[in-house]
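To keep things clear, I will list the structure first and then write my remarks on it.
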Amino acid sequence: MDSEKLRTKFLEFFKERGHTVVPSSSLLPTDPSVLLTTAGMQQFKKYFTGELDAKKDFILRNGTAAKGTASIQKSFRTSDIDEVGDERHLTFFEMMGNFSFGGYFKKEAIQYAYDFIVKELGLQIDYVSVFAGEPFDSAQGKSAILADLESEQIWKSIDQNIVVKKFGRADNFWGPTGKEGPCGPTTEIYVNGVEIWNIVFNQYYQHKDKRLEPLETSGIDTGMGLERLAMVSQEKKNVFETDLFQPLLNLLPQDIPERTKRVLADHARAIAFLISDGVRPSNKEQGYVLRKLIRRSIVHAEALDIKNLLKAVVEKYQFVYSNLRLEEIFSVFEEENTRFQATFKNGMKEMQGMEKINAEIAFKLYESYGLPYEVIKELGNEKTKDLKREDFDKEFARHQEISRAGQERKFGGHGLLLDTGELKAANEEELKIVTRLHTTTHLLQAALRKVLGENVHQAGSDITAERTRFDFTFDRKLTADEIKKTEDLINQAIEKDLSMGFEQMPFKKAIESGALYSPKEKYPEVVKVYTAKDQKTGEVFSKELCGGPHVPRTIEIGRVKIIKEEAASAGVRRIRAILV
């Protein structure tokens, strides 16, 4: 069965069983504890913790609350970059999952999985695994957890001949994503010797100190890689033989090494999706991951045109992910390619004159010439035989500590003065700037709604002393005229010297008053409503729930310039604006 049919069957299966189908979220997570989205449950994390109410947010067409949700989530595992090229490791992949937040639990989740694998797809389950339990570990600070006997009994009640294996915490206890969060025992399904579906029973909340406490509302979190499911459904030996990779691999010369072909195919998918979700090459965080992938691809490709692979990725996936735009992907890739080529030759010359390359020298090559660890290791040959990834990472971390210490000295020894997650300022001067930019985001959303319509809603923002970054719901690229109209409306509102006052009121009353808010946020019973208002005419330009801070009058903002508009994720656009 081809991958497109597997997609459709999975989502339709759960839709027919009372689930709301939810689109994939961005690879850039809202959870600051993780670098990239690694699992389908991340966009639902607040529902598992009880911060958000699934019964209110996921409603079926008949008006009743959904049993749960189902999605096919774009996911990325940075830990697997060095392993790509073998039979199974990938960086970018798609995670199919169904989720329940205080609704159904083990019995229904296991039955759904069995019915989909055996009855819908006609596959045979080799065996399943369940959690064997774990005693108290004082050294690690880990709580004792009972064996999951219930799951074993449920499997046997469905099929008395099914083979059930019991494994410990490393195999059958999942989570949390990040440093803390929901987690629990799992049951896994194996087909053709491959683990294809992991069903997590979220029963606990793990704190940063590893301490577990029971969740008030238990839930279901499942994950099944589309690539692995395609492999077993299509009876292939590995994921690269499936229809998800063959269109890419067929573009490459057959005489190059198989591992090289797999690296290029994997990285092409990862590069295209990271760029389309708003990541740009840099020397830190997500940007560093993208830069590493692009430069590694360039080195592996040698004289090959990687653009053909990127084009094939867009052609393969654009029907699902409409934010994949070839022009944008090509532009970012070419810019990084040009930058890399300019330093690559100099870096290689430097390497040739060296007798041995250790972690310290490798980091200097990276810092001076932008050569990633992978490039140094692969092209250094005998010179890098003793160079290890963990040593390079330690060197990298050491330099980050030096840099961080310098920043702390620069900021008076106490780091950031303001860091709300949305607003960041290092000192009083930067605080004044981000306050002006924060008010700008209110004016920006109001202006966008006037230009594009009331289907525009905030989907996230990030404000530093350099710029404001504003994400909003919209399904296409803005025209140059729309961007100019938006910018003009903002500056007109500033010039009118609108007052920016706030009123405290009950949350329900605030919503009834027409104030904008984010349905995914959890608000207190009493909220602040900030209104940008013309005191002469009484005309309201913007009205939002917000905690502040803001300028008292818009004239204090100065003038605003929109410098970039791009895709953030499927159905979400991103604008960057600065003060001029």
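Could you list, in sequence order, the residues of region 144-159 that are out of contact with any strand residue (DSSP E or B) (no Cβ under 8 Å at 6 or more places or on another chain) and under 13 Å from Tyr114 (Cβ atoms)?
Ile154, Ser157, Ile158, Asp159
Looking at the structure I just gave you, is Gly278 on the phi > 0 side of the Ramachandran plot and under 30 Å from the mean Cα position of the chain (by Cα)?
yes
Can you name the number of the only condition in (1) over 27 Å from Leu371 (Cβ atoms); (2) surrounded by fewer than 24 Cβ atoms within 10 Å (Cβ to Cβ); (3) at pLDDT below 95 that Asp243 fails?
Answer for Asp243: the failing condition is (3).
Which residues, counting only those in region 219-265, are touching a Pro at 6+ places or on another chain (Cβ under 9 Å), in the same structural domain as Gly102 (by TED's automatic domain parsing) and not acidic (Asp, Glu)?
Correct list: Gly219 only.
For region 1-80, give me every one of the helices (runs of 4 or more DSSP H) that falls completely inside it and has 2 or more residues that are surrounded by 15 or more Cβ atoms within 10 Å (Cβ to Cβ) and under 17 Å from the mean Cα position of the chain (by Cα).
45-49
Go through region 510-542 residue by residue and tally those that are surrounded by 20 or more Cβ atoms within 10 Å (Cβ to Cβ) and either in contact (Cβ under 8 Å) with a residue 24 or more places away in the chain or assigned to a loop (DSSP other than H, G, I, E, B) (or both).
Residues flagged as surrounded by 20 or more Cβ atoms within 10 Å (Cβ to Cβ) and either in contact (Cβ under 8 Å) with a residue 24 or more places away in the chain or assigned to a loop (DSSP other than H, G, I, E, B) (or both) within region 510-542 amount to 8.
Would you please name the residue that is farthest from Asn427 (Cα to Cα), looking only at residues in region 452-475 that are of a type outside the set (A, V, I, L, M, F, W, C), touching a strand residue (DSSP E or B) at 6+ places or on another chain (Cβ under 8 Å) and at pLDDT 90 or above?
Only one residue tops the list, namely Asp471.
Can you confirm whether Phe319 is out of contact with any Pro (no Cβ under 6 Å at 6 or more places or on another chain), aromatic (Phe, Trp, Tyr) and either more than 23 Å from Val239 (Cα to Cα) or in the same structural domain as Asp462 (by TED's automatic domain parsing) (or both)?
no
Being farther than 21 Å from Tyr321 by Cβ and either without any contact (Cβ under 8 Å) to a residue 60 or more places away in the chain or in the same structural domain as Thr30 (by TED's automatic domain parsing) (or both) is the filter here, so list the residues in region 284-299 that pass it.
Residues satisfying the conditions are Lys284, Tyr288, Ile298.
Could you please find all residues in region 266-292 being assigned to a helix (DSSP H, G or I), farther than 17 Å from Phe396 by Cβ and not small (Gly, Ala, Ser)?
Asp266, His267, Arg269, Ile271, Phe273, Leu274, Ile275
Quick one: Glu94 ticks every box in (1) closer than 19 Å to Gly219 by Cβ; (2) under 23 Å from the mean Cα position of the chain (by Cα); (3) surrounded by 18 or more Cβ atoms within 10 Å (Cβ to Cβ) except a single one, so which number is it?
Looking at each condition in turn, Glu94 falls short on (1).
For region 149-172, indicate whether the set of residues that are among the polar types (S, T, N, Q) and touching a helix residue (DSSP H, G or I) at 6+ places or on another chain (Cβ under 6 Å) is non-empty.
There is at least one residue in region 149-172 that is among the polar types (S, T, N, Q) and touching a helix residue (DSSP H, G or I) at 6+ places or on another chain (Cβ under 6 Å).
Does Leu212 qualify as being out of contact with any Gly (no Cβ under 7 Å at 6 or more places or on another chain) and crowded, with 23+ Cβ neighbours inside 10 Å?
For Leu212, the condition - out of contact with any Gly (no Cβ under 7 Å at 6 or more places or on another chain) and crowded, with 23+ Cβ neighbours inside 10 Å - is not met.
The values are calculated or read from the model by the stated rules, or taken from the named source; none is laboratory data. In this text, all values refer to a predicted model and were calculated from it rather than measured experimentally. Neighbour counts are summed over all protein chains in view; Cβ atoms, including those assigned to glycine, are modelled from backbone coordinates with ideal geometry.
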